[in-house]
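Take this structure first; my questions come after.
The values are calculated or read from the model by the stated rules, or taken from the named source; none is laboratory data. Predicted, not measured: the structure shown is a model, and the values here were computed from it. Cβ sites come from the backbone with ideal geometry, for glycine too, and all protein chains shown count toward neighbours. For the accessible areas, the whole protein counts, side chains as well, though only heavy atoms, and no ligand, DNA or RNA atoms are used. Shrake-Rupley method; radii C 1.70, N 1.55, O 1.52, S 1.80 Å.
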Amino acid sequence: MASVACSGAQILLDYVQQPASYPGQGGRLKDFSSEKIAQEKSAALASKQPGIVAQVEFVKKYKPGVVTLTGGGNDVGFAEVLTYCASGASILLMSDTCSYAKEGSLPQRMLKQSIDNQYRTMIRLIRELRAASPQTKVYVVGYPQFVATNLFCSLNVALLDQQERQMIRDMTSRLNDVLSKAAADSGVVFVDIEDALEGGQLCQGSEYVSGLFNMTVGKVYDEHTHEMFHPNATGHSRM
């Protein structure tokens, strides 16, 4: 087994981008010469190093028996929504609850539309994978719920209030429904892990998920913020 997953990768930008025009995740190759880019991409394919070539290129080269993938969350900007709602930025605008959590608001409607649009994006990804390696079995893995809606919750969840936490759960379920439909309509398997972290989510003791305190106790905060609101090692084992 090899993982070529990239933290923060987006389906259209990092999974299926055309090889000639792909600048690496986050544009990391954009200042290299064409000769250097070719060398870096060749080495990345040989060593299975992610972030240098679009991920579908590994499937083309190695024709794996099985591919498991998760995608869509970065494409709809879940990280940005979480950062905004959990940081207290909305409080500065004289509101305790961020706009994404307010039913019928423009930001919430836009977020829902972006989630629904992932149906076509996932369909395209599966089609690209099949073209790259027709015999490969594809499993689309959903997203786990990572935060509960208990009335009382520690600051490990930062400044997410109960309404914001409910919004996160609703949007996670909505995305899973979209991914499940795309998988079914493409004839591949959807793996439902939505309840995998139940009992250890944020606001349930945080046994399976890293929260604010986990990022600030015994660690350099700036070096570990990408782990916040993500499953920890125990959480990944449960998934």
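Do the conditions hold for residue 178, that is, is it β-branched (Val, Ile, Thr), open to solvent by less than 50 Å² (accessible area, probe 1.4 Å), assigned to a helix (DSSP H, G or I) and in contact with a Phe, Trp or Tyr (Cβ under 8 Å, 6 or more places away or on another chain)?
Spelling it out, residue 178 is indeed β-branched (Val, Ile, Thr), open to solvent by less than 50 Å² (accessible area, probe 1.4 Å), assigned to a helix (DSSP H, G or I) and in contact with a Phe, Trp or Tyr (Cβ under 8 Å, 6 or more places away or on another chain).
I'd like to verify a number: residues in segment 133-157 that are open to solvent by less than 50 Å² (accessible area, probe 1.4 Å), more than 17 Å from residue 183 (Cα to Cα) and either among the hydrophobic types (A, V, I, L, M, F, W, C) or in a helix (DSSP H, G or I) (or both), how many?
Summing the residues that are open to solvent by less than 50 Å² (accessible area, probe 1.4 Å), more than 17 Å from residue 183 (Cα to Cα) and either among the hydrophobic types (A, V, I, L, M, F, W, C) or in a helix (DSSP H, G or I) (or both) in segment 133-157 gives 6.
Just for segment 185-232: of the residues that are open to solvent by 80 Å² or more (accessible area, probe 1.4 Å) and outside any loop (DSSP other than H, G, I, E, B), which one is modelled with the lowest pLDDT?
221
Looking only at segment 94-114, how many residues end up being among the small types (Gly, Ala, Ser), outside any helix (DSSP H, G or I) and on the phi < 0 side of the Ramachandran plot?
Matching residues across segment 94-114 total 2.
Okay, residues lined up against (1) in contact (Cβ under 8 Å) with a residue 12 or more places away in the chain; (2) closer than 22 Å to residue 124 by Cα; (3) in contact with a helix residue (DSSP H, G or I) (Cβ under 8 Å, 6 or more places away or on another chain); (4) surrounded by fewer than 13 Cβ atoms within 10 Å (Cβ to Cβ):
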{"position": "18", "(1), (2), (3), (4)": "yes, yes, no, yes"}
{"position": "25", "(1), (2), (3), (4)": "yes, yes, yes, no"}
{"position": "33", "(1), (2), (3), (4)": "no, no, no, yes"}
{"position": "56", "(1), (2), (3), (4)": "yes, yes, yes, no"}
{"position": "70", "(1), (2), (3), (4)": "yes, yes, no, no"}
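Which helices (runs of 4 or more DSSP H) does segment 15-87 wholly contain that include 2 or more residues that are at negative phi and at pLDDT 95 or above?
Hits in segment 15-87: 34-47, 56-62.
For the condition in contact with a Phe, Trp or Tyr (Cβ under 9 Å, 6 or more places away or on another chain) and either small (Gly, Ala, Ser) or within 20 Å of residue 130 (Cβ to Cβ) (or both), what is the one hit in 20, 46, 9, 5?
The match here is 9.
Can I ask one more? Give all pairs with beta carbons closer than 8 Å in which a residue from segment 198-212 that is closer than 14 Å to residue 168 by Cβ meets a residue that is of a type in the set (Phe, Trp, Tyr) and open to solvent by less than 10 Å² (accessible area, probe 1.4 Å); count only pairs at least 6 apart in sequence or on separate chains.
none
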